[in-house]
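Rule-based calculations on the coordinates, nothing more; no lab input. Since we're looking at a predicted model, the values are computed, not measured. Cβ: placed from backbone, ideal geometry, glycine included. Neighbour counts: every protein chain shown.
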Amino acid sequence: MSGWLAVAGLGPGDEALVTAEVQAALAAATDVVGYTPYVARVAPRPGLTLHPSDNRVELERASHALALAAAGQGVVIVSSGDPGVFAMASALFEALEQGPEEWRDLDIRILPGITAMLAAAARLGAPLGHDFCAINLSDNLKPWETIEHRLRMAARGGFAMAFYNPRSKSRPHQFAMALEILRAECGDARLISFARDVTKPEERLETVTLGEARPEMADMRTVVIVGNAQTRRVGRFVYTPRSTAGAP
Ligand code: SAH
């Protein structure tokens, strides 16, 4: 049997949001590799080996999965949301670049999933209905100065923004700094939504103004969405109109 490797997105949490394509790959797999909480979402069955690992070992995990596929296994690397959004798909290609030449001929597929910001936007209404960008607020893989610069530029460009990994215990002050920058660039009246555990039973949605926003409203289970200058409420929803008059 020839091996294959799929990098699959499990969506934000609700099993109904796992695509049929990802379900089929998991049903055909001999091995599932990934960060422990994501692997825990895959039901054990005879013939399937689960390989949970720690969050900080992305490259080793990717190389391990490639080696398994090269040995003839059917391997799925699982990510939450979409595997191409701040997740394992890029790590896989980095490992492929550094690994043996013959790995490049493997049957490799990236299977998309519903990323957190899109699931959150759908719950809130349509805050990303005009131009937007996504920024990872973690400085694990880039300098904090880069994050500050991109925040300012995105705000000045008139983009709505989605923030991943907004506030962790190891860097509690940075999100407060991000809010300061946003208040300076966008003003106190701009809407900001905190969407925690989207589509899971514990889901919590909260929309306030930047003037009311407090750092504690975000943690690592939250995706944060900041509207553009036109973003507004209608009833219990938040939306950004399809058209915008002037720039930005
Ligand atoms: N690949 C994932 C993102 C991984 S980065 C995706 O496409 O969604 C991890 C960050 O994603 C978290 O810190 C949080 O900001 C966000 N996130 C993932 N799942 C979430 C959920 N169910 N609810 C809210 N935020 C979520």
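Report the gain in length on full extension from Asp131 to Trp144: 0.36 nm times residue separation, minus Cα-Cα distance, nm rounded to one decimal.
Result for the pair: 2.3 nm of gain on full extension.
Which three numbers, in whole Å and largest first, are the semi-axes of the equivalent ellipsoid of segment 40-120 derived from its Cα gyration tensor as √(5λ)?
Equivalent ellipsoid of segment 40-120: 21, 17, 12 Å, largest first.
Hey, rough spin-label estimate for Ser168 and Ala24, points 7 angstrom out along Cα→Cβ, what's it come to in nanometres?
According to this spin-label approximation, the distance is 3.6 nm.
If each Cα of the chain is one equal point scatterer, what is log10 of I(q)/I(0) from the Debye formula at q = 0.16, 0.17 Å⁻¹?
Values returned for q = 0.16, 0.17 Å⁻¹ are -1.11, -1.19.
If amide hydrogens are placed 1.01 Å from N in the peptide plane, which non-local residues have theirs closer than 5 Å to the one on Leu111?
The answer is Val7, Ala8, Gly9.
Give, as ranges by residue number, the residues of segment 47-69 whose backbone N falls under 14 Å from the point 7 Å along Cα→Cβ of Leu106.
In segment 47-69, the label zone of Leu106 (backbone N under 14 Å from the point 7 Å along Cα→Cβ) covers 59-69.
Order these peptides, 132-140, 37-45, 116-124, by their mean beta-carbon neighbour count within 10 angstrom, highest first.
The most tightly packed comes first, giving 116-124, 132-140, 37-45.
What ranking, highest mean first, results for peptides 96-107, 195-206, 141-152, 77-88 when packing means the other Cβ atoms within 10 Å averaged over each residue?
Going from most to least packed, we get 77-88, 195-206, 141-152, 96-107.
Apply 1/(1 + (r/R0)^6) to the Cβ-Cβ distance of Arg41 and Thr209, taking R0 = 30 Å, and write down the FRET efficiency to the nearest 0.05.
That gives a FRET efficiency of 0.25.
Before anything else, pin down the relative contact order of segment 39-150: Cα pairs under 8 Å, at least 6 apart, normalised by residue count, whole percent.
Over segment 39-150, the number comes to 20 percent.
Based on the alpha-carbon gyration tensor of segment 124-248 and its eigenvalue square roots a ≥ b ≥ c, which shape applies: rounded if a/c is under 1.5, prolate if not and a/b is larger than b/c, or oblate?
oblate
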